1. Just give me the residues in region 244-274 being polar (S, T, N, Q), modelled with pLDDT of 95 or more and crowded, with 17+ Cβ neighbours inside 10 Å, in sequence order.
2. Considering only region 271-283, I want to know if a residue exists there that is polar (S, T, N, Q) and more than 21 Å from PHE344 (Cβ to Cβ).
3. Any chance you could count how many residues in region 297-314 are within 24 Å of SER343 (Cβ to Cβ) and out of contact with any Ser or Thr (no Cβ under 7 Å at 6 or more places or on another chain)?
4. Going by the conditions given, is ARG309 within 16 Å of TYR284 (Cβ to Cβ), basic (Lys, Arg) and surrounded by 19 or more Cβ atoms within 10 Å (Cβ to Cβ)?
5. What residue, among those in region 304-347 that are of a type in the set (S, T, N, Q) and closer than 24 Å to MET288 by Cβ, is nearest to the chain's Cα centre (by Cα)?
6. Check whether at least one residue in region 223-235 is outside the structural domain of VAL113 (by TED's automatic domain parsing), within 23 Å of the chain's Cα centre (by Cα) and small (Gly, Ala, Ser), and report yes or no.
7. Answer yes or no as to whether SER170 is outside any loop (DSSP other than H, G, I, E, B) and buried (at least 21 other Cβ atoms within 10 Å of the Cβ).
8. So which of GLU22, GLU55, GLU95 is of a type in the set (D, E, K, R), without any contact (Cβ under 8 Å) to a residue 60 or more places away in the chain, surrounded by fewer than 16 Cβ atoms within 10 Å (Cβ to Cβ) and under 30 Å from PHE152 (Cα atoms)?
Amino acid sequence: MGQAQSHSDSFLKASKQFTPQELDNLRSKFRSIAHKSRSSEDLCIFASAFQAHYEIHGVLGARLYHLLSKKRGDGCVSFEDFVEAKAIARKGSPEEKEALAYSLLDVEDDGCVRKSDLEAVVTSCVKTVLGQGPDQAADEATVAAIVRSAEFSERKQEPCMSLEDFRRWSRGVPAVRRVLESLMADPEAGGQKWAVPDLVVPGDATCPVLLTREHAWLLGGALTPEELVTWRLAYSSKAHGLSFSTFVGKMASVQGPSVLVVRDASGALFGGFASQPWERRSDYYGDMHSFLFTLLPQAAIFRPSGANRNLQWCAINYQSDSLPNGCGFGGQVHHFGLFLDASFDSGESRPCVTFNSPSLSSSPRFTPDHIECWAVEILRSTNAGDQVALKGTVLERFKEDRAVLNMMGIADHASATGEG
C-alpha cells in the first residue's frame, strides 16, 4: 500500500480515464500476463510474455515493449506502464495515438526513422496480421511497395522520416497505421484485431488471381469490418475473357460494393473501390466511400478529396462522344482518374483532383493485361442474430434480367420510379 504515494502524475492522469471496474479489469489482465512472466508477486511483465500475449511478431513487439518499459529503465513493464499504454490505446486522442505509432517506427531509438527501420516495422506488421505464410516473395513485394510510397525528407546524418512524412504516408496505407495504433488491443476483446477478408474464387475461374491476401489487407484499412468478411471473384479477364459486356453481365448480380483491380502490360497493379454497383448511367455517380489505389510498384490509397462528386462512371451502349462507353473513376470525361474503355483493350489513368491521385498506371494511356472485379459481400445481422444478405428490389432479385435491362438503359428508370 505504501507504493500508493509514489504513483507518477502520468499514471494518475491515465487512471482517471477508466472507471473503477475498468481499472480492476486492467489489474486482473496485468496480473495474468505477469504471472506468465513468473515475476515476483506478479508485479512485472517481461518481454517474452508480453509479445506472446499480444501476438506481435518481430521487431515491432520488441519496440513496443521498449517504449513501455523505458521510463523505469529496468526492462520491466509495471502496472503503471501498462495502464498508461492502455489509456492511449483505448482512450487516447488521435494525436496521442499518432505519436505512439510514429515512435514505434524508430527501431534504433535514436530519433531517426530510417528506411531500414520502416522496412523492419512493416515486415513485422505483415507477419503479425497475416502470419508466417508460405509465400515469402509476396510478403517481400508487399513490404517493398508499402515502403516505396514513403518519404524521408528530414536530413540528419542520413535521410529520416519526419512526423509530417509519417502523416502523409500513413494516410495512404491506413492498414499499417491501424496495426500500429491497436497493438495493445487484447486478442479476446471480440473478433479479430485486424480482419482480412476471405478471398473466394468460384469454380469457373481456374486461373491465377491478381488480388492476394496481402493486397486485401492493405485495401481493408480503408473499409469497415462489415466489408471485410468475404470478397468473391465476380469477373476475371483471364477466366471469362477480356470483354466489357461480359464484365457488365457478371457484375449485374453484384448489388453492393466491389474492388476493381487492373494490371497493365508494364506490370503496374492498381484499381478502385466502387461503393455502388456497376450500372448504366449517363453521368458520374457513387459516394464518398469510393477510393482509388495502387498496389505495385508502390502501395497507396487515395480517398475522395471533396473537390467534386465525379466518383464512379459506367456508360453502356451510348452513341455520343461526350458519354464514352466503359467504366472508371474520378477526374472528368476524357480525363479520368482511372478508365477502362468498352473494348477493354485500352485504358487511361491521369492525375485527378477527385481523389488527389497521380497517374496510377505505368503511363497515362495503358494496355490492360489482366482485369479482375471482386464482389464485397456485406452480411447484416437480424434480430435473431442470424447473418443474412439484404434483400433488394425485384430487379435486384432477377439478376439475369437486370443485366439485360442495364444494357438497354431500362433498369435505372425502374429503380427511379419504383417499378419492377
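The values are calculated or read from the model by the stated rules, or taken from the named source; none is laboratory data. Everything numeric here is computed off the predicted structure, so don't read it as measured data. Note that each Cβ is placed from the backbone with ideal geometry, even for glycine, and that neighbours are counted across all protein chains shown.
1. Scanning region 244-274 gives a single hit, SER258.
2. Our first condition is that a residue be polar (S, T, N, Q); within region 271-283, this holds for 275-276, 282.
Filter once more, so that each one left must be more than 21 Å from PHE344 (Cβ to Cβ): 275.
Yes, region 271-283 contains at least one residue that is polar (S, T, N, Q) and more than 21 Å from PHE344 (Cβ to Cβ).
3. Count: 2.
4. Working: within 16 Å of TYR284 (Cβ to Cβ): yes; basic (Lys, Arg): yes; surrounded by 19 or more Cβ atoms within 10 Å (Cβ to Cβ): no.
So ARG309 does not fit the description; no.
5. SER305
6. Yes; the residues of region 223-235 include at least one that is outside the structural domain of VAL113 (by TED's automatic domain parsing), within 23 Å of the chain's Cα centre (by Cα) and small (Gly, Ala, Ser).
7. yes
8. Just one listed residue meets the conditions, GLU95.
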